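A short worksheet on the structure shown next.
None of the figures in this text is laboratory data; all of them are computed from the coordinates on show. As the structure is a computational prediction, the values presented were derived from the model and not from experiment. Heads up, the Cβs are rebuilt from the backbone with ideal geometry, glycines too, and the neighbour counts pull from every protein chain shown.
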């Protein structure tokens, strides 16, 4: 008589199911991930999210440029974006006179 639905045992499990499979953020899904196609710092070409297959970093996500082959670990890119966000928000609020 069960509904056949999937039971969610914890908030963490629920958030994991709702987050982006590409970067892990909770505010979007993989089809609208801002990291897919993000600009490379060296050649400004679009980057792709890849998962490392190397033994020393197996399973870790990175942003890889197909043009110049540069690579940035996703965890480092996320840290950089978090550091830059308060500055952007502050500058917008100053411009708006808030």
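General observations
- Highest mean first, the peptides 48-58, 34-44 sorted by other C-beta atoms within 10 Å per residue fall in the order 34-44, 48-58.
- Theoretical FRET efficiency, 1/(1+(r/R0)^6), r = Cβ-Cβ of residue 39 and residue 75, R0 25 Å, to 0.05: 0.85
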